[in-house]
Amino acid sequence: MTNSYHEATKHTYLSVRSGARQLEWSKMPKTFKIYPNSFAVKRLELDNKIDRFIYLIGGITAKKVYPGVEYYLRTVPSAGALYPVEIYFQARDVEGFKNGIYHFSPAENAVRLLHEIIDEEGVEFHLKDKRMIKGFLFLFSSVYFRSSWKYSSRAFRYALLDTGHVLGALEASCYLYEHAFFILYDFDKKILNEKFGFKDREFFLSGAKVGIPQKREAKFFKLNLPFVEPTETFEKNELIQESYIESLRLKNCKKEYRFPKFNFHKERFFETILNRRSIREFSKSPIKSEEFEYIYQTMIEPIPSDCDEKVKIYYIVNKVSGMKQGLYKNKELLKEGDFSQIARYLCLEQALGGDSAVTFFLTSNAKNYQSLYQKAGLIGQRCYLSSEYIQIGCSGIGAYYDDEVKNFLHSDDMVLYALSIGNNKERL
Ligand SMILES: Cc1cc2nc3c(=O)[nH]c(=O)nc-3n(C[C@H](O)[C@H](O)[C@H](O)COP(=O)(O)O)c2cc1C
């Protein structure tokens, strides 16, 4: 059924030209959800390791001011800088944190305690494995209107990709502070949506365990959080709400326990996370084949999760010294040639697609839409961070002509995401 959502939200040459919607600026949603002061606030102190660990998952790293609008940019990229993802976590026996459920509030650079848990109470009760986690248990939700305001029904894709990027940011922060993590897609999201008082504005998409399972299982606990307005404005999108519900039930999930191996220098990697930005213009000079290899290798490392779906990575090499131009998959050259103009066209005529050194297309024909799409976002975050680490520019590209990409790749898969990498004009 969800593939019908994917079908219904394709960009085509005609759809892009005929249905042009004007953005209603008066309805622009807020990008920060702020819980009222009745919930205790705890500022994040960035010289404290645990606070920094949380901050790096989605904190503010830059501010841009344009006439009439201010954008606060974060450790993660986001389609249209609209940041639909909200971050919650449970802390159990973590130094400096009362045992309880928290909301991370990037606007305040703080966390707010939403509910204290006592003894064996805990969110674990709603997971498949109910054993208590000593440490953190993260939950990631999406406030879809932030994206659908701009992208209409296609926004569910962006909500999933953006959440995948946050999962990737969590992975990066875990790498820095040497925490093991395990991503969760398969849990009772519906009940938790109710307990967190989301109404129809927000829904959980994934979670992650960052801690050690205990012997005892968590017990049921009462939680009736009040509804807190996350956007100020709202327009319901039926297709997104239905597609969310339809894609909730995961089937035949395969677990992945293998852990990724990265070899980043910790201090430099920390700077990388803080400095990460999307490239706006490529210099069109070639990158080295070792640089490409380095980025590609981080993208294909395993991702531990309870529902690992296969995501394939195709790539068009435009300008990599020592590599033939053409379309590749798994390091195999499928079609040789200069496809830079085609790549630009496929990415909705965005120069980023054609001026890049390499443009990736992530695809899948798997069934569990929520997991496979978030995995594509996580791979995207790895692409960003490993590129930034070696001073190469990167941008996610959510806008492409779906069917034409499929035809070009000779694949029936759903096209989930495009990304391009290359030398940064400003840096040269
Ligand atoms: C899922 C996704 C899709 C995106 N699509 C595009 C795109 O089609 N074109 C583009 O120029 N930038 C795109 N971006 C980049 C965003 O515009 C950028 O992340 C945002 O403006 C925040 O800036 P920053 O990444 O520099 O922090 C995309 C980012 C994400 C995460």
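No lab work stands behind these numbers, since they all come straight from the coordinates. Predicted model, so just to flag it, every value in this text is computed and none were measured. No Cβ is skipped: glycine too gets one built from the backbone with ideal geometry, and neighbour counts run over all protein chains shown.
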Computed D for the stretch 97-163, Stokes-Einstein, Kirkwood radius over alpha-carbon pairs, 20 °C, 1.002 mPa s, to the nearest µm² per second, is 149
Rounded to one decimal in nm, the spacing of the 7 Å Cα→Cβ label points at LYS261 and ASP200 is 5.0
Output for the stretch 138-226: trypsin sites (Lys or Arg not before Pro) sitting in coil per DSSP, at most 15 other Cβ within 10 Å, listed by number, reads LYS199, LYS222
Computed for the chain: size of charge dipole around the Cα centre, +1 on C-beta of each Lys and Arg, -1 on C-beta of each Asp and Glu, debye to nearest 20, value 100
Quick numbers on the stretch 23-246, Rg and Dmax over C-alpha atoms in Å, give 16.8, 56
Restricting to aspartates and glutamates and to Cα separations under 18 Å from LYS42, and discarding same-chain partners fewer than 8 apart, the set is ASP51, GLU86, ASP93, GLU95, GLU108, GLU116
Of 240-252, 6-18, ordering from highest average Cβ density within 10 Å down gives 240-252, 6-18
So for the chain, using the alpha carbon gyration tensor with a ≥ b ≥ c as root eigenvalues (a/c under 1.5 gives rounded; past that, a/b versus b/c decides prolate or oblate), I'd call it prolate
The long-range amide H neighbours of LEU114, using H built 1.01 Å from N in the peptide plane and a cut-off of under 5 Å, are ILE101, TYR102, HIS103
Taking a ≥ b ≥ c as the square roots of the eigenvalues of the Cα gyration tensor, with a/c under 1.5 meaning rounded and otherwise prolate when a/b exceeds b/c and oblate if not, the stretch 215-256 is oblate
In degrees, nearest 10, the alpha-carbon axis of helix 369-389 is tilted away from the dominant principal axis of the alpha carbons of the chain by 70
Of the listed pairs LYS10/LYS195; LYS189/LYS251; LYS251/LYS312; LYS329/LYS367; LYS49/LYS288, those with alpha carbons more than 25 Å apart are LYS10/LYS195; LYS49/LYS288
Hull volume per residue for the stretch 1-145, using the convex hull of the C-alpha atoms, in Å³ is 163
With Rg from the Cα atoms and Rh as the Kirkwood inverse mean 1/r over Cα pairs, the stretch 279-422 has an Rg/Rh of 0.93
Only helices counted: for the chain, with every DSSP H run of 4 or more residues adding -39500 (n - 2.57) and the sum spread over all residues, [θ] at 222 nm is -9000 deg cm²/dmol
Here the relative contact order (percent) of the chain, from C-alpha pairs under 8 Å and at least 6 apart, is 17
With +1 at each Lys and Arg Cβ and -1 at each Asp and Glu Cβ, the charge dipole magnitude of the stretch 297-390 around its Cα centre, to the nearest 20 debye, comes out at 200
Expressed as a percent, the portion of alpha-carbon pairs in the stretch 170-294 spaced more than 24 Å apart is 57
Any lysines whose Cα falls less than 22 Å from that of LYS215, other than same-chain ones fewer than 8 residues away, would be LYS98, LYS128, LYS130, LYS134, LYS255
Amide H proximity to LYS134 below 5 Å, modelled H, separation 5+ or other chain, gives ILE212, GLN214
Those GluC sites (Glu not before Pro) from the stretch 132-223 that are DSSP loop and have at most 13 other Cβ neighbours within 10 Å turn out to be GLU178
